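Participant: Questions regarding the structure given below will be posed in turn.
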Amino acid sequence: MSLTLPPLPYALDALEPHVSRRTLATHHGRHHAAYVEKTRALVQRTALEGASLEEIVRSSAMGSPLFNAAAQAWNHAFLWHSMCSGGGGAARGAIAPLIDESFGSHTAFCQQFVTVAGDQFGSGWAWLVLDGTRLRIVATPNAETPLVTSLVPLLTIDVWEHAYYLDYQNRRLDYIAAFLAHLVNWDFANRNLGGAVDRAQAATATSIQALGASTGAA
Ligand code: FE2
């Protein structure tokens with residue numbers, strides 16, 4: 001069985017003071033671990049035993065116990081890479097001009113991110129996604145994830161209370177502001193963006209080859 005809790009990509013205290021060691025230890029070692037364990041238990045002796053986590057998320061019914069556990073496991077694995085020590089601030093790399101193009105400015109992007117993540121009622125997530133050729137910020141409730149849509153996730157923030165309550169209590173907006181100013185892993189967002197561009201170019205090339213074959217073109 002390949003479903004295991006992925007290790008954090010940094011030390012437990014790497015995100016301090018913005019996310020404490022205590023929060024990260026509980027969030028990763030208990031919450032994320034429980035989602036992985038639940039997923040593993042639910043697929044035992046089913047057709048999905050041996051499937052990848054992404055395959056399980058994509059093939060389970062949204063809102064079902066299996067979807068909820070598997071999607072939460074996938075979302076959390078994505079979350080850890082969305083943050084890094086010394087991150088945040090102005091976007092860098094290929095995504096920077098796309099942020100300006102899609103939102104008007106980095107400041108406008110931050111304002112919209114705070115609004116979307118702050119307004120998510122109850123538990124959920126906010127995501128920076130690629131929608132076609134433009135960026136968007138979307139929120140998803142509970143375990144829902146852009147992975148099962150046409151949107152390409154580039155970054156996420158967890159706005160379940162377990163992600164911030166120990167450090168910020170009910171001050172979700174302070175947690176979101178710290179995420180934007182100090183934690184966003186722009187390198188991860190750029191890798192996800194690059195992967196999406198590569199897949200789109202490969203799909204276009206395949207379509208052109210298929211068109212050529214169907215019309216007898218060389
Ligand atoms: Fe979480």
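Where a number appears in this text, it was derived from the coordinates with a stated rule and is not lab data. None of the values given here were measured: they were computed from a predicted structure. All Cβ positions, glycine included, derive from the backbone under ideal geometry; neighbour counts span all protein chains shown.
Participant: Among (1) within 16 Å of the ligand (Cβ to nearest atom); (2) in a helix (DSSP H, G or I), which single condition is LEU155 missing?
Facilitator: Condition not satisfied by LEU155: (2).
Participant: Something else about it: Failed condition for GLY87, given (1) among the small types (Gly, Ala, Ser); (2) under 18 Å from the mean Cα position of the chain (by Cα); (3) within 16 Å of the ligand (Cβ to nearest atom); (4) within 19 Å of TYR175 (Cα to Cα), with all others met?
Facilitator: (3)
Participant: Could you check ALA126 against (1) away from the ligand (no atom under 16 Å from the Cβ); (2) closer than 17 Å to MET83 by Cβ and say which number it fails?
Facilitator: The number of the failed condition is (1).
Participant: Checking the structure you have, find out if any residue of region 30-45 is within 23 Å of TYR175 (Cα to Cα), without any contact (Cβ under 8 Å) to a residue 60 or more places away in the chain, within 16 Å of the ligand (Cβ to nearest atom) and among the hydrophobic types (A, V, I, L, M, F, W, C).
Facilitator: So far as region 30-45 goes, yes, one or more of its residues are within 23 Å of TYR175 (Cα to Cα), without any contact (Cβ under 8 Å) to a residue 60 or more places away in the chain, within 16 Å of the ligand (Cβ to nearest atom) and among the hydrophobic types (A, V, I, L, M, F, W, C).
Participant: While we're on this one: Does region 158-179 hold any residues that are hydrophobic (A, V, I, L, M, F, W, C) and either closer than 14 Å to THR140 by Cα or within 14 Å of the ligand (Cβ to nearest atom) (or both), and which are they?
Facilitator: Looking only at region 158-179, we keep the residues that are hydrophobic (A, V, I, L, M, F, W, C), and these are 159-160, 163, 166, 173, 176-179.
The answer is VAL159, TRP160, ALA163, LEU166, PHE179.
Participant: Separate question: Conditions first: (1) under 22 Å from PRO7 (Cβ atoms); (2) away from the ligand (no atom under 16 Å from the Cβ); (3) in contact (Cβ under 8 Å) with a residue 60 or more places away in the chain. ILE56 passes all but one, so which condition is the exception?
Facilitator: (3)
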